[in-house]
Amino acid sequence: MEVEVNGDLERAFKNLKKKMAFEGIFKELKRRRYYEKPSEEKKRKREEAARRRVKKMRRFAAQSRTKRVVGGKVGGHEGEAVRVEKSSEE
């Protein structure tokens, strides 16, 4: 992991912490402070997978409600998301 300093050490530390938090390094360090029984590890991994699955489904549902126009102009803005309304004719 690399962070450019460019003379501003405090900003470099801030960027480093952001990158570490994004990659989950802090969470991993906190988790490894104490021994985790294999059953607890399995339970934690199942719960994490469930959270990821719910998040993915939420994103998928939101994506299916909107239609992204690629390369075209909609409303004067390129690549703007367009809400697709379901018609009552169905």
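The values are calculated or read from the model by the stated rules, or taken from the named source; none is laboratory data. Small disclaimer: the values here were computed from a predicted structure and weren't measured. Neighbour counts run over all protein chains shown; Cβ positions are idealised from the backbone, glycine included.
Below are the figures for this structure:
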{"quantity": "Residues within region 1-41 that are surrounded by 11 or more Cβ atoms within 10 Å (Cβ to Cβ) and basic (Lys, Arg), tallied", "calculated": "7"}
{"quantity": "Residues located in region 28-63, provided they are within 15 Å of the chain's Cα centre (by Cα) and either charged (D, E, K, R) or closer than 25 Å to Lys17 by Cβ (or both)", "calculated": "Glu48, Arg51, Arg52, Arg53, Lys55, Lys56, Arg58, Arg59"}
{"quantity": "One residue from Ala50, Ala12, Ala62 being assigned to a helix (DSSP H, G or I) and at pLDDT 95 or above", "calculated": "Ala50"}
{"quantity": "Filter pass, Val70 being surrounded by 11 or more Cβ atoms within 10 Å (Cβ to Cβ), part of a loop (DSSP other than H, G, I, E, B) and either among the hydrophobic types (A, V, I, L, M, F, W, C) or at pLDDT 90 or above (or both)", "calculated": "no"}
{"quantity": "Residues (farther than 27 Å from Met1 by Cα and not hydrophobic (A, V, I, L, M, F, W, C)) located in region 42-54", "calculated": "Lys42, Lys43, Arg46, Glu47, Arg53"}
{"quantity": "Pairs with Cβ under 9 Å, 6+ apart, first in region 44-60 and of a type in the set (D, E, K, R), second not in a helix (DSSP H, G or I)", "calculated": "Arg44/Glu36"}
